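The values are calculated or read from the model by the stated rules, or taken from the named source; none is laboratory data. None of these values were measured; they are calculated from a predicted model. In this analysis, Cβ positions are derived from the backbone assuming ideal geometry, glycine residues included, and neighbour counts consider all displayed protein chains.
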Amino acid sequence: MREARPRTVFISYGRTSTDAILKARLKESGRSRFAQLLTIDPPRMESVPSLLGFFDMVLGLGPAYRWLPAQELVTVLSSGHAPDRFIGGAVDPGAKTVTLVRGDRETMVFPFSFFDSSDGSPRPDFARLSFADHGRTVAFGDYEAAADGILYESDVEYRRRQRESMRESERGFGPSLRRLRLQKKLGREDFAPISAEAVARIERGEVSPSKPTLGRIAKRLGVAPEDIETY
């Protein structure tokens, strides 16, 4: 049983430990539900209702969950960058979804199709979910995805925080367009009828796109025009 700040998080590595935590909570006077419980080994099903009654959040209730190694898990939970790391998750083959747990215990759900191997990288083996590098890497067998790449593509607030840390020269529509184009693995020539040179000039900030041009660029990128500058 360990605790991590700023919010108390109990980590249980086995059913015996979970039962002990449950009994201890039962004896506490003035206990608060604001504590959270993370169970590496799923608890007894009979204990789940009580756990949900004693804790604000309980993670790891099923056998599908996989977690960071114990020491890395504690380190991430105690760090200031916990929201930017993935500490665990689970795969649902039936629904073809992946649930990832961030260091602040927020969960995110992705379809299998989010993890694309079209660039020639190994195909994801969703039966082999694992986590490494203190939550910086999510792996499905030989396929690896960087946590920052996952968050950058799926979390608007994360993108905004990343942009705030960039130098002033990297701000603006042009640099955002370039980052998003590269993320989508598109060349400047992939925006016809807009010429590659026109795209290059927009990325360099030499010209601003007209409304029709902006609409074509956004459609090719698969995002809303107003979202381009969040990348």
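Just to be sure, is residue 224 touching a strand residue (DSSP E or B) at 6+ places or on another chain (Cβ under 8 Å) and on the phi < 0 side of the Ramachandran plot? Give the steps one after another, and end with the answer.
Details: touching a strand residue (DSSP E or B) at 6+ places or on another chain (Cβ under 8 Å): no; on the phi < 0 side of the Ramachandran plot: yes.
No.
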Cβ pairs under 8 Å, 6+ apart, first in segment 179-195 and part of a loop (DSSP other than H, G, I, E, B), second among the small types (Gly, Ala, Ser): 184/222; 185/118; 187/196
Filter result for the condition that a residue is at pLDDT below 95, aromatic (Phe, Trp, Tyr) and touching a Lys or Arg at 6+ places or on another chain (Cβ under 7 Å), over 191, 131: 191
Test: residue in segment 126-143 that is in contact with a Gly (Cβ under 9 Å, 6 or more places away or on another chain), exposed (fewer than 14 other Cβ atoms within 10 Å of the Cβ), among the hydrophobic types (A, V, I, L, M, F, W, C) and assigned by TED's automatic domain parsing to the domain that holds residue 81: yes
Odd one out for residue 109, checked against (1) touching a helix residue (DSSP H, G or I) at 6+ places or on another chain (Cβ under 9 Å); (2) at pLDDT 90 or above; (3) among the aliphatic types (A, V, I, L, M); (4) surrounded by fewer than 17 Cβ atoms within 10 Å (Cβ to Cβ): (1)
Test: residue in segment 66-75 that is charged (D, E, K, R), closer than 23 Å to residue 160 by Cβ and in contact (Cβ under 8 Å) with a residue 24 or more places away in the chain: no
Criterion violated by residue 47 - all others in (1) touching a helix residue (DSSP H, G or I) at 6+ places or on another chain (Cβ under 8 Å); (2) within 23 Å of residue 145 (Cβ to Cβ) satisfied: (2)
Top-ranked residue in segment 84-107 [being in contact with a Phe, Trp or Tyr (Cβ under 8 Å, 6 or more places away or on another chain) and outside any strand (DSSP E or B); ranked as nearest to residue 59 (Cα to Cα)]: 103
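Which residue is farthest from the chain's Cα centre (by Cα), if the candidates are limited to segment 55-83 and must be under 14 Å from residue 9 (Cβ atoms) and assigned to a loop (DSSP other than H, G, I, E, B)?
First pass over segment 55-83, keeping only residues under 14 Å from residue 9 (Cβ atoms): 55-60, 67-68, 70, 73-79, 82-83.
Checking the rest, the ones that are also assigned to a loop (DSSP other than H, G, I, E, B) come to 55-56, 60, 68, 78-79.
Working: 55: 23, 56: 21, 60: 17, 68: 14, 78: 18, 79: 16 Å.
Filtering segment 55-83 for residues that are under 14 Å from residue 9 (Cβ atoms) and assigned to a loop (DSSP other than H, G, I, E, B), the one farthest from the chain's Cα centre (by Cα) comes out as 55.
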